[in-house]
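Accompanying notes for the structure given below.
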Amino acid sequence: MVAILTPNLTHNYWPGLIEAYRSFLPVSSSTPVVTLLEGNTPLIPVSAIASQVGRGVKVYVKFDSLNPTGSFKDRGMTLAISKAKEEGAEAVICASTGNTSASAAAYASRAGMQAFVIIPEGYVALGKLAQALLYGAQVIAIKGNFDTALQIVRDISANYPVTLVNSLNPYRLEGQKTGAFEVVDSLRSAPDWLCIPVGNAGNISAYWMGFCQYREAGKCRRLPQMMGFQAAGAAPLVQGKPVAAPETIATAIRIGNPASWDKAIAAANASKGEFNSVTDEDILAAYRLLASQEGIFCEPASAISVAGLLQLKERVPSGATVVCVVTGNGLKDPDCAINHSKNGVKSSVAPDLEAMAKVMGF
Ligand SMILES: *Cc1c(COP(=O)(O)O)cnc(C)c1O
């Protein structure tokens, strides 16, 4: 077993990430902070996964699924919505594979703003859609994929009074970089490898910015290798060219032309990291492994960070510390869990002792 880390907290009330990391963020005393007390997510040691890697490698999951709307998107959204509010915006818009829309809708409702979310019809997990609707967003489904949706919202925000809150909005990445701060605050050092899912490539760019700023501030001495993973059917950064018709079960990263392409390549190069692709089959295997052996229920897109690590396990330096970012909550996509679990429901069992005992194998 890997030891649970002793917390490095000076107080026991978490004020949300803008207050916690104010000196590292582009806010002033006049910024209205719109927060759901996001951030401060656990860094969980995962010993079953570590033992599959072997050679004394320590593996942790940064469980960002525990943010208020169930994904890391809240880290960027608290800042993007706070700044939009400061600038007097009354409406925000985003294209989304689901989690950005849930997060934008939640923070916009808290700020008293209207949220418009544009989604690829048929490719958004049920839980995410449910969230956006109940938070009160205007949900518009288009006959097209995420990349098309993103182009449309860029055009709309350039021509109408509505603020874009996709990760092209620089405040999104500024907020998301706090994930790297928390990893360093917990480990009291940067890890050797950071394994992270890559879709629109904002989060890998944000984490890299966070690690670099924290090192400059003297909070850590070294920087991790940034290991980005894309689904095999949606791997433009691995192939070096956009993918016209991306396909994967991991809908959160079903993106063919990432907006933060250049930043992500720069992060991988500067950190001696790399991009690799993972098949849907291996993504699902890691999805089941995380749940059945570690008790960690995430969405398929999130499981790719662990699937990717296992794919490259021979190359992890002995004794290294690896952090896998788990980006979204498994409850977002219950269909996927039910369709891909190993155990089906044993149904129509008679409600008596004998029948029950038999079904249970006694
Ligand atoms: C948005 C998202 C990603 C991809 O992050 P990018 O910044 O677009 O690369 C991965 N996993 C989940 C669950 C997401 O919601």
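The values are calculated or read from the model by the stated rules, or taken from the named source; none is laboratory data. Computed from a prediction, not measured in an experiment: that's the story for all the values here. Cβ coordinates were reconstructed from backbone atoms using ideal geometry, including for glycine residues, and neighbour counts include every protein chain displayed. The area values use the complete protein model at the heavy-atom level, side chains included, leaving out ligands, DNA and RNA. Shrake-Rupley method; radii C 1.70, N 1.55, O 1.52, S 1.80 Å.
Sticking with the crude label model, points 7 Å out along Cα→Cβ, report the distance from residue 313 to residue 353 in nm, one decimal please.
4.5
With just the Cα atoms defining each centre, how far is segment 213-250 from segment 312-362? Give it in Å.
One Cα centre to the other: 27 Å.
Per the 1.4 Å probe, what fraction of the accessible area of segment 90-142, in percent, lies on carbon and sulfur atoms?
Numbers: 1060 of 1920 Å².
Its accessible area is 55 percent carbon and sulfur atoms.
Just from its helices, what would the mean residue ellipticity at 222 nm be for the chain, if runs of 4 or more DSSP H residues each count -39500 (n - 2.57) and the sum is divided by every residue, rounded to the nearest 500 deg cm²/dmol? Numbers along the way, then the final one.
On the way: 15 runs with 149 residues, N = 362.
When only DSSP H runs of four or more count, the value is -12000 deg cm²/dmol.
Would you mind putting 192-201, 237-246, 341-350 in packing order, based on average other-beta-carbon counts within 10 Å, highest first?
Going from most to least packed, we get 192-201, 237-246, 341-350.
Nearest 5 is fine: what % of DSSP beta bridges in the chain come out antiparallel, could you say?
Details: 5 of 36 bridges.
Expressed as a percentage, antiparallel bridges in the chain total about 15.
Within segment 211-362, how many Lys pairs that are eight or more residues apart, or on different chains, come under 29 Å at the alpha-carbon?
16
Which is farthest toward the positive dipole end of the chain among 243, 34, 325, measuring Cα position about the Cα centre, with Cβ charges +1 (Lys, Arg) and -1 (Asp, Glu)?
Of 243, 34, 325, it is 325.
Whenever you get a sec, line up 160, 107 from highest to lowest accessible area (probe 1.4 Å, protein heavy atoms).
160, 107
For the chain, what is the accessible area per residue in Å² when the probe is 1.4 Å?
With the other protein chains kept in place, the chain gives 43 Å² per residue.
Work out the length of the dipole vector of segment 229-362 about its Cα centre, built from +1 on the beta-carbon of each Lys and Arg and -1 on the beta-carbon of each Asp and Glu, and round it to the nearest 20 debye.
For segment 229-362, the charge dipole is close to 260 debye.
Which trypsin sites (Lys or Arg not before Pro) in segment 176-247 sit in a loop by DSSP (not H, G, I, E or B) and have at most 14 other Cβ atoms within 10 Å of their own Cβ?
On the way: sites: 177, 188, 215, 219, 221, 222; in loops: 177, 188, 219, 221, 222.
Those that pass, being in a loop and sparsely packed, are 188, 221, 222.
Note down the relative contact order for the chain as a percent, whole number, built from C-alpha pairs under 8 angstrom at least six residues apart. Walk me through the numbers before you get to the answer.
On the way: 747 pairs, mean separation 65.9, N = 362.
Reported as a whole number, the value is 18 percent.
What's the carbon and sulfur percent of segment 175-304's accessible surface, probe 1.4 angstrom, rounded to a whole number?
47
Once the Cα atoms of the chain are picked out, what are the Rg and Dmax in Å?
20.4, 69
Give the residue list of chymotrypsin sites (Phe, Trp or Tyr not before Pro) in segment 6-84 that are DSSP loop and have at most 10 other beta-carbon atoms within 10 angstrom.
Working: sites: 13, 21, 24, 60, 63, 72; in loops: 13, 21, 72.
Here the sparse-neighbourhood loop sites are 13.
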